[in-house]
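*Asks:* Dumping the structure here so I can ask a few things about it.
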Amino acid sequence: MSDMHAYRSHYCGTVTESLMDETVTVAGWVARRRDHGGVIFIDLRDSSGVVQVVVDPDTPEAFATAEHLRNECVIQVTGRVRARPEGTVNPNLATGRIEILAKDLQLLSMAEPIPFQLDEERVGEDVRLKYRYIDLRRDAMQRNLKLRYQVTRAMRNYLDDNGFMEIETPMLTKSTPEGARDYLVPSRTHPHKFFALPQSPQLFKQLLMMSGFDRYFQITRCFRDEDLRADRQPEFTQLDIETSFLTEEGVMQLMEGLTKHIFKEAIGVEFDGDFPRMTYAEAMEKYGVDRPDLRISLQLVDVADLLQKIDFKVFAGPAKDPKGRVAALRVPGGAKLTRKEIDDYTKFVGIYGAKGLAWIKVNDLSQGVDGLQSPIVKFFPDQVMQIMERVGAQDGDIVFFGADKTKVVNESLGALRVKLGEDLGMIEGDWAPVWIVDFPMFEEDEKTARMTAIHHPFTQPKATTEELEQMAQEECHQLLSRAYDLVINGIEVGGGSVRIHDTRMQAAVFRILGISDEEAQEKFGFFLEALKYGAPPHAGMAFGLDRLVMLMAGCDTIRDVIAFPKTQSAACLLTEAPGEVDPAQLRELGLRFRQMANG
């Protein structure tokens, strides 16, 4: 670099043997300072890496400054590049064969003692988030955010090459509460009215297709005021995509190409062949979830038909119930699990509503029922060997059972399957992508008994408009949608669908969802009107950027791949947001606080 107005001639990480005996100027943070009997060594760090600086007493001014440095001071050093002495070479560093002998050392910024050291392993997340600017200096966080940048760059390059155009959609929009709660923004210029921050640009991207833009994308922020979990944030980033005149096959092909391009460009991973496809029904039956981790080969097996006539009500009840399920999960070699470990797994499934966890240890199948060890075998001795045969049990296995409402069995055994896979080292391979297709169009809300859209009400069902208009409410349960999700290693990284582009079909879907014409007009009037003026067939997808980068970086939480995330209670510890505002601001907005009644 030859910029005369810069504080440096080179970045720290680029000073290698190729610059031997040259004079360079570097600048950065003191990562470490060591005083070796009259010679001071400094590990100097910037965004490119670390270089070793040597300051000796022959340069009294530089030496005097170096004596007073502490970690994280910012300095500028000019000096000669020389080879490190024999035995002090560090082969793990790009700069590990050289050091800079300082001629001049300037202190640019003194640092007070920092709240935690960058190489400290056990720093509480609350401290890390409060001092995020220090946390972000750590190698792991620098790597994560660079990876995030590489992923978005790869996304843009691929989409550019495939005829997509980046278009921004509004951040201040209308509240259409579908799904999660909206973040509301009061309007000063329209008293007593509110904007909402977008939960996604869904309607706008569909309007862009009606406007003739053909292929749109945007890397955009979305906002949801919902109760948070480890992988949720009140504001998150998605790659939003919409296309015209493509079926789901066309979109999935393009998006699979995009995913392969991102993995290759950002982390050097190449996928072989096409991603497998799996129906939603098969995923739920075999894995209990619609985002199966296919690196784990364990599968659930239905055994309800074998248990309907037994006296053991714990199994017989759900076996006879149309909304119930009895499933078995065979764990190869699991008979070695101790009673305490089994008790721990029983507590684990309790999180998902399971009332217990029945099990059978397979000691010696040649002895029939006598070769099985379990407190429950005595309740159905005639059926147990058929169950062992169906699940493919072998000596040394354990078979776990779930018997309850289908939802409870799926969630508890689905989660147990993954936990056992992790605990017992059963994860095979690094990456397992899969497309999940043929989702149900609707599901019934247990509290209100109303039908809700599994994806969103603009997803096209696998039915004609005429079939929808004549469909009885109870038939809607069987209806499939033209939706698709991309799942990698048990994490849903993206989802999309073919959209409705016909006003009659949209009206029929709203009717099934119990949305009246008046309500539809009030919430989506502008959109429904746009459908009348020539809407092309269109389809799209959105990728959760935070989740995708988390997966690629090997992190446990999306907070580790977001520069300034919120806590699980949706607060920012760094800026202390949300905060109070001046009463005068509230008056301008026509707002005032009311005392909330207790309870």
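*Asks:* Sort out for me the strands (runs of 3 or more DSSP E) sitting completely within the stretch 1-80 that have 1 or more residues that are at pLDDT below 95 and surrounded by fewer than 19 Cβ atoms within 10 Å (Cβ to Cβ).
*Replies:* Working: elements: 23-36, 39-46, 49-55.
Filter on the stretch 1-80 gives 23-36.
*Asks:* Same structure again: Go through the stretch 342-359 and give me each residue that's surrounded by 15 or more Cβ atoms within 10 Å (Cβ to Cβ) and over 21 Å from T406 (Cα atoms).
*Replies:* I342
*Asks:* Restricting attention to the stretch 81-93, report how many residues are in contact with a Gly (Cβ under 9 Å, 6 or more places away or on another chain) and either open to solvent by 70 Å² or more (accessible area, probe 1.4 Å) or not in a loop (DSSP other than H, G, I, E, B) (or both).
*Replies:* Adding up the residues that qualify gives 0.
*Asks:* If you scan the stretch 453-488, which residues turn out to be part of a strand (DSSP E or B) and open to solvent by less than 60 Å² (accessible area, probe 1.4 Å)? Don't jump to the end; show me each part of the working.
*Replies:* Residues of the stretch 453-488 that are part of a strand (DSSP E or B), as a first pass: 453, 459, 461, 480-481, 483-488.
Of everything in the stretch 453-488, those that are part of a strand (DSSP E or B) and open to solvent by less than 60 Å² (accessible area, probe 1.4 Å) turn out to be A453, T459, P461, S481, A483, Y484, D485, L486, V487, I488.
Each row is one residue, and each column tells you yes or no for (1) of a type outside the set (S, T, Y); (2) part of a loop (DSSP other than H, G, I, E, B); (3) out of contact with any Phe, Trp or Tyr (no Cβ under 7 Å at 6 or more places or on another chain).
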residue	(1), (2), (3)
F526	yes, no, yes
Y533	no, yes, yes
L548	yes, no, yes
L551	yes, no, yes
D560	yes, no, yes
A563	yes, yes, yes
Q568	yes, yes, yes
G590	yes, yes, yes
F593	yes, yes, yes
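*Asks:* Could you please let me know if I387 is out of contact with any Pro (no Cβ under 9 Å at 6 or more places or on another chain), surrounded by 14 or more Cβ atoms within 10 Å (Cβ to Cβ), assigned to a loop (DSSP other than H, G, I, E, B) and of a type in the set (V, I, T)? Explain how you work it out, then say what you get.
*Replies:* Numbers: out of contact with any Pro (no Cβ under 9 Å at 6 or more places or on another chain): yes; surrounded by 14 or more Cβ atoms within 10 Å (Cβ to Cβ): yes; assigned to a loop (DSSP other than H, G, I, E, B): no; of a type in the set (V, I, T): yes.
Here the answer is no, as I387 does not meet what is asked.
*Asks:* Could you identify the single residue in R33, R97, R82 that is within 24 Å of A140 (Cβ to Cβ) and not small (G, A, S)?
*Replies:* On the way: R97 fails: within 24 Å of A140 (Cβ to Cβ); R82 fails: within 24 Å of A140 (Cβ to Cβ).
Of R33, R97, R82, the one residue that is within 24 Å of A140 (Cβ to Cβ) and not small (G, A, S) is R33.
*Asks:* Return the pairs, sorted by first residue and then second, in which the second residue is assigned to a loop (DSSP other than H, G, I, E, B) and among the aliphatic types (A, V, I, L, M), the first residue lies in the stretch 426-440 and is in contact (Cβ under 8 Å) with a residue 60 or more places away in the chain and open to solvent by less than 10 Å² (accessible area, probe 1.4 Å), the beta carbons are less than 6 Å apart, and the residues are 6+ apart or on different chains.
*Replies:* Qualifying pairs under 6 Å: V434/L294; F439/I454.
*Asks:* Need pairs with beta-carbon distance below 7 Å; first residue β-branched (V, I, T) and within the stretch 107-130, second at pLDDT 95 or above and in a loop (DSSP other than H, G, I, E, B); sequence gap 6+ or separate chains.
*Replies:* I114/N71; I114/E72; V123/F116; V127/P115; V127/F116
*Asks:* Can you tell me which of F164, F213, F217 is at pLDDT 95 or above and open to solvent by 40 Å² or more (accessible area, probe 1.4 Å)?
*Replies:* Details: F164 fails: open to solvent by 40 Å² or more (accessible area, probe 1.4 Å); F217 fails: open to solvent by 40 Å² or more (accessible area, probe 1.4 Å).
Of F164, F213, F217, the one residue that is at pLDDT 95 or above and open to solvent by 40 Å² or more (accessible area, probe 1.4 Å) is F213.
*Asks:* Residue pairs, Cβ under 9 Å, 6 or more apart or interchain, first in the stretch 149-166 and within 15 Å of D240 (Cα to Cα) and in a helix (DSSP H, G or I), second of a type in the set (A, V, I, L, M, F, W, C) and open to solvent by 80 Å² or more (accessible area, probe 1.4 Å). List them.
*Replies:* Sorted first by the residue in the stretch 149-166, then by its partner, the pairs are L159/M165.
*Asks:* Let me ask something else about it. May I ask you to list the residues in the stretch 137-154 that are over 17 Å from the mean Cα position of the chain (by Cα) and under 18 Å from M255 (Cβ atoms)?
*Replies:* Correct list: R153, A154.
The values are calculated or read from the model by the stated rules, or taken from the named source; none is laboratory data. Since the structure is predicted, the reported quantities are computational estimates derived from the model, not experimental observations. Quick reminder, even Gly has a Cβ in these numbers, built from the backbone with ideal geometry, and neighbours come from all protein chains shown. Surface areas here come from the heavy atoms of the whole protein model, side chains and all, with no ligands, DNA or RNA. Shrake-Rupley method; radii C 1.70, N 1.55, O 1.52, S 1.80 Å.
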